[in-house]
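Asks: Handing you a structure now.
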Amino acid sequence: APPIQAQGLAKTYKVGFWFNRTVRALQSLDLQVDSGQIYGLLGPNGAGKSTTIKILMNLVRPSGGTARLFGKPVEDAETRRLVGFLPENPAPYEYLTGREFVTLAGQLSGLSGHELDGRVTEVMGAVEMAGAEKLQIRRYSKGMVQRVALAQALVGRPKLLILDEPTSGLDPLGRRQMRDLILAERDKGTTVLFCSHIIPDVEALCDRLAVLVGGRRVREGSVQELVSAQ
Ligand code: ADP
Ligand code: ADP
């Protein structure tokens, strides 16, 4: 089964003081991400990108449609262990050090002992946080938080990475490093879904993409197809 398959996904939020108004965040979205692809969700703020990702991570319940990861419903806890997740505004507990935070994530994905220790060292190096890993997270810049949050997503060697605005808060060099990390993961066979409103990031990374506007998918295809269609 493909890493991600969603059909007819819809989400309506109730808003306002009396919850008497509704926002249609997502309307009948179909999505399929095949193994080994980097798939991009591109669209402006409010397009429904985060909502899509939250549905896939079982953080938001869809109002309609179905979503499956590796053929299993998104509620399946076993399947969740195959997925590394970088949330939109990662807010790890501030009094942990970066290394402690990533170690905890590694424990949750079933690693322990020397293997865990070695893997944490490896991912902290990969995101260039080795030098600051013993500092408490409250001392980190936004970019450093973003990078330990990525390390947290990678530590369990996920088969699927889901990244919500992975370059947000990063300076140009940090963005470049984040892109390289994502490409390196794909080269190891990891499937990646990420969302962004930054066209150059999506162009540089994706094998395929969907363009969302106002909760609807307005385009879908390979980057070449979408660029040549303009
Ligand atoms: P994004 O960067 O995806 O555009 P937003 O700024 O829209 O994020 O949303 C930030 C957070 O606030 C998200 O967790 C989202 O679910 C929540 N949120 C967004 N819009 C509303 C709203 N109208 N009412 C309540 N929560 C909202
Ligand atoms: P994007 O990630 O593309 O910026 P979102 O999925 O965050 O888009 O938001 C899509 C729409 O849903 C926006 O209009 C946003 O304000 C609204 N929204 C998102 N989260 C919530 C929420 N928790 N409550 C109410 N409205 C929300």
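The values are calculated or read from the model by the stated rules, or taken from the named source; none is laboratory data. Computed from a predicted structure; not experimentally measured. Cβ placement follows ideal geometry from the backbone for every residue including glycine, while neighbour counts extend to all protein chains displayed. Only protein heavy atoms, including side chains, enter the accessible area calculation; ligands, DNA and RNA are left aside. Shrake-Rupley method; radii C 1.70, N 1.55, O 1.52, S 1.80 Å.
Asks: In the list S109, S50, which residue meets the criterion of being closer than 22 Å to P2 by Cα, away from ligand 2 (no atom under 16 Å from the Cβ) and of a type in the set (G, A, S)?
Replies: Selected residue: S109, the only one of S109, S50 that is closer than 22 Å to P2 by Cα, away from ligand 2 (no atom under 16 Å from the Cβ) and of a type in the set (G, A, S).
Asks: Out of the residues in segment 182-230 that are hydroxyl-bearing (S, T, Y) and open to solvent by less than 30 Å² (accessible area, probe 1.4 Å), state the one that is nearest to N45 (Cα to Cα).
Replies: Only one residue tops the list, namely S196.
Asks: Is it the case, given these coordinates, that R179 is charged (D, E, K, R) and in a helix (DSSP H, G or I)?
Replies: Answer is yes for this residue.
Asks: Checking H114 against (1) assigned to a helix (DSSP H, G or I); (2) closer than 17 Å to V192 by Cβ: exactly one of these is not met. Which one?
Replies: H114 satisfies every listed condition except (2).
Asks: I would also like to ask the following. Based on what the data block shows, is R138 basic (K, R), within 20 Å of L29 (Cβ to Cβ) and modelled with pLDDT of 95 or more?
Replies: no
Asks: Among residues belonging to segment 58-79 that are open to solvent by less than 30 Å² (accessible area, probe 1.4 Å) and under 25 Å from V23 (Cβ atoms), point out the one that is nearest to ligand 1 (Cβ to nearest atom).
Replies: Per the criteria, the residue is V60.
Asks: Same structure, new question: Go through segment 166-194 and give me each residue that's within 16 Å of ligand 1 (Cβ to nearest atom) and either at pLDDT 95 or above or hydroxyl-bearing (S, T, Y) (or both).
Replies: T167, S168, L193, F194
Asks: Let me spell it out: the conditions are (1) exposed (fewer than 14 other Cβ atoms within 10 Å of the Cβ); (2) more than 16 Å from ligand 1 (Cβ to nearest atom); (3) farther than 25 Å from Q224 by Cα, and Q27 meets all of them except one. Which number is the exception?
Replies: Against the list (1) exposed (fewer than 14 other Cβ atoms within 10 Å of the Cβ); (2) more than 16 Å from ligand 1 (Cβ to nearest atom); (3) farther than 25 Å from Q224 by Cα, Q27 comes up short only on (1).
Asks: With the structure loaded, tell me whether T167 is within 13 Å of the chain's Cα centre (by Cα) and over 30 Å from E78 (Cβ atoms) or whether it fails that test.
Replies: The answer is yes for T167.
Asks: Please go through segment 140-168 and give me each residue that is within 16 Å of ligand 2 (Cβ to nearest atom), closer than 23 Å to G36 by Cβ and not charged (D, E, K, R), ordered by number.
Replies: Answer for segment 140-168, where residues must be within 16 Å of ligand 2 (Cβ to nearest atom), closer than 23 Å to G36 by Cβ and not charged (D, E, K, R): I162, L163, P166, T167.
Asks: Hey, among the residues in segment 2-23 that are at pLDDT 95 or above and among the small types (G, A, S), which one's nearest to ligand 2 (Cβ to nearest atom)?
Replies: Among residues in segment 2-23 that are at pLDDT 95 or above and among the small types (G, A, S), the one nearest to ligand 2 (Cβ to nearest atom) is A10.
Asks: Pick from L31, L26, L42, L56: which is in contact with a strand residue (DSSP E or B) (Cβ under 6 Å, 6 or more places away or on another chain), near ligand 2 (Cβ under 9 Å from one of its atoms) and under 26 Å from P200 (Cβ atoms)?
Replies: Being in contact with a strand residue (DSSP E or B) (Cβ under 6 Å, 6 or more places away or on another chain), near ligand 2 (Cβ under 9 Å from one of its atoms) and under 26 Å from P200 (Cβ atoms) holds for just one of L31, L26, L42, L56, which is L26.
Listed here are the residues, each with its yes/no results for (1) within 16 Å of ligand 1 (Cβ to nearest atom); (2) in contact with an Asp or Glu (Cβ under 9 Å, 6 or more places away or on another chain); (3) free of Cβ contacts under 8 Å to residues at least 12 places away in the same chain; (4) open to solvent by 30 Å² or more (accessible area, probe 1.4 Å).
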{"residue": "V23", "(1), (2), (3), (4)": "yes, no, yes, yes"}
{"residue": "G43", "(1), (2), (3), (4)": "yes, no, no, no"}
{"residue": "G48", "(1), (2), (3), (4)": "yes, no, no, no"}
{"residue": "L56", "(1), (2), (3), (4)": "yes, no, no, no"}
{"residue": "R81", "(1), (2), (3), (4)": "no, no, no, yes"}
{"residue": "P87", "(1), (2), (3), (4)": "yes, yes, no, yes"}
{"residue": "L104", "(1), (2), (3), (4)": "no, no, yes, yes"}
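Asks: Could you please give the count of residues in segment 157-181 that are within 21 Å of L26 (Cβ to Cβ) and open to solvent by less than 10 Å² (accessible area, probe 1.4 Å)?
Replies: 5
Asks: Consider segment 89-100. How many of its residues are open to solvent by less than 30 Å² (accessible area, probe 1.4 Å) and either over 22 Å from L181 (Cα atoms) or part of a strand (DSSP E or B) (or both)?
Replies: Qualifying residue count, segment 89-100: 1.
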